[in-house]
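Data block below; observations after.
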Amino acid sequence: MSEARIDKWLWAARIYKTRTLAAAACKKGQVSMKGSQLKPSRTIKEGDIIDVKKPPITYSFRVKQTIEKRVGAKLIPDVLENVTSPEQYELLEMSKISGFINRAKGTGRPTKKDRRSLDEFTTPEFFGDFDFDLDDQNNDEEDLFED
């Protein structure tokens, strides 16, 4: 039975675009087997089930063939079997539907709708007749302390 390094296999099986990305994912703890995180140099063999976390879901792959050389996309079904649970794909679908509703701060430009709601919020009509001239208040306080 042959063996292969996990970082090379992840790259060769086209799960990650480069071997560097595959090794980085291993170091970050995004690649595991039977609940334990794998180092990039860990060897795998046929029949192993590899879990790969790519937020928002965790993919599971069964190793059919251990390879360290990248193969064409048409040959991928001979190399691995996707055994990801349907619940994970439901999570993915839900995140696609939710879209930018819960977008984290700083993760891109606001949408046109977001921009319009921001403009609507910051228009003077929203604040009514409130007087923003705070300099007069500061001058009055200084007069109080001078007496």
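In the structure shown, the pairs 27/96; 39/96; 34/64; 8/96 are assessed against 21 Å; a Cα-Cα span above that value is assigned to 27/96; 39/96; 8/96. Taking each residue as 0.36 nm, the span from residue 62 to residue 28 lengthens on full extension beyond its C-alpha to C-alpha distance by 10.1 nm. Spin-label model, residue 17/residue 113: points 7 Å from Cα along the beta carbon direction are separated by 2.9 nm. For region 2-98, the orientation-averaged shadow of the C-alpha convex hull comes to 6.2 nm² (one quarter of the hull surface).
Every number in this text was worked out from the coordinates using simple rules, so none of it is lab data. All figures in this text were calculated on a predicted structure; none of them were measured in a lab. Here Cβ is always computed from backbone atoms with ideal geometry, including for glycine, and neighbour counts include all displayed protein chains.
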